[in-house]
Amino acid sequence: MVDYVGQGNGSSALSFVGALEGFECGEGFFLSLQAKPSRTRSGWVFFAADLVNLSGERSDSPFIHGVASSGGKGVKPWFDCRIRPHLKFTDGQLLDARTLGFEQKLVNFLGELIPPGGHLMLDYESEGNEETFIGLVCGVPPIVTYLGYMMFCAGFRGRFKDWYFPEGGHEGVRKLQANKPLTEQIELEALQEHRAQLRLFVDTRIDPAGEHAEVILAAKQRALSLLADQLL
């Protein structure tokens with residue numbers, strides 16, 4: 001059951017985040033949500049959701065946690081969060097949420113919750129996201145990094161931003177932001193930019209024996225897939 005701590009001016013955002021409660025990430029695995037409004041940021045809600053199985057066993061750390069807003073004053077709803085791809089349960093069970101597809105299913109659901117004009121930010125500095133971190137450092141286009149590709153496939157087809165140097169003091173760790181275009185014209189412009197960037201990327205020569213070649217080659221395969229399927 002969802003545990004809301006307080007209401008206040010975050011009640012709209014609490015309802016927005018509350019959609020995560022009970023979401024089935026995979027057969028027999030559900031989210032169990034806790035959420036509370038920020039004391040310093042109007043309309044923001046901090047949340048954490050463990051993964052719980054049908055036996056009542058719970059992950060010993062949240063599958064997803066972060067901050068979200070239902071929007072307001074010209075700002076559309078957004079999520080800023082960390083998703084843990086590897087989990088341990090209270091009974092000692094280890095679960096690879098990435099291999100099982102739970103991670104992609106959750107990102108797809110966030111894509112359904114966030115409307116056009118909104119955005120999703122995912123932490124890529126934490127454990128389990130080394131491939132995205134290395135890819136961005138090596139100049140891989142954001143949409144074909146591991147996390148970026150997941151977000152693009154979940155409907156975030158606008159411009160991306162790599163928060164490699166967080167600004168302002170509250171953004172925290174490095175994260176990748178993917179936007180949902182507000183209008184069809186904005187989407188077309190963003191897709192044109194993505195297409196041009198990927199065409200340059202796939203033409204870049206990579207030394208198969210070079211450092212981080214495996215990460216870059218995997219990103220190239222994603223780029224070739226997007227271009228071949230005319231998804232850009």
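Here, each number is a calculation from the coordinates, and none is a lab measurement. Values in this document were obtained by computation on a predicted structure and should not be read as measured data. Glycine gets a Cβ as well: all are built from the backbone with ideal geometry, and neighbour counts include every protein chain shown.
Things worth noting here:
- Table column - 3J(HN,Hα) (Hz), segment 191-203, Karplus curve with 6.51, -1.76, 1.60, x for Gly and Pro: 5, 4, 5, 4, 4, 5, 5, 5, 5, 5, 5, 5, 7
- Along the axis of the charge dipole computed for the chain (Cβ charges of +1 for Lys and Arg, -1 for Asp and Glu, origin at the Cα centre), the listed residues Gly71, Ser55, Pro141 are led at the positive end by Gly71.
- Distant-in-sequence amide H partners of Glu125 (H built 1.01 Å from N, under 5 Å): Arg174
- Taking trypsin sites (Lys or Arg not before Pro) across segment 26-109, the ones in a DSSP loop with at most 12 further Cβ atoms lying within 10 angstrom of their Cβ are Arg39, Lys73.
- Dipole magnitude (debye, nearest 20) for segment 100-232, charges at Cβ of Lys, Arg, Asp, Glu: 340 debye
- For segment 1-95, a simple Cβ point-charge model (Lys and Arg +1, Asp and Glu -1, everything else neutral) yields a dipole of about 620 debye relative to the Cα centre.
- Ranking of Ser32, Ser126 by neighbouring Cβ atoms within 10 Å, starting from the fewest: Ser126, Ser32.
- Spherically averaged projected area in nm², based on the convex hull that wraps the Cα atoms of segment 1-128: 7.8 nm²
- When only Cα pairs below 8 angstrom with a gap of at least 6 residues are kept, segment 1-95 shows a relative contact order of 22 percent.
- The chain, relative contact order in percent, only Cα pairs under 8 angstrom and at least six apart counted: 13 percent
- Note on the chain: lysine pairs with Cα distance below 24 Å, sequence gap of 8 or more or different chains, count 20.
- Table column - 3J(HN,Hα) (Hz), segment 119-132, Karplus curve with 6.51, -1.76, 1.60, x for Gly and Pro: 8, 10, 10, 10, 5, 10, 9, 8, 4, x, 10, 4, 4, 5
- Principal axes of segment 116-232: Cα extent on each, largest first, Å: 41, 36, 19
- Relative frequency of Cα-Cα separations exceeding 28 Å in the chain, percent: 33 percent
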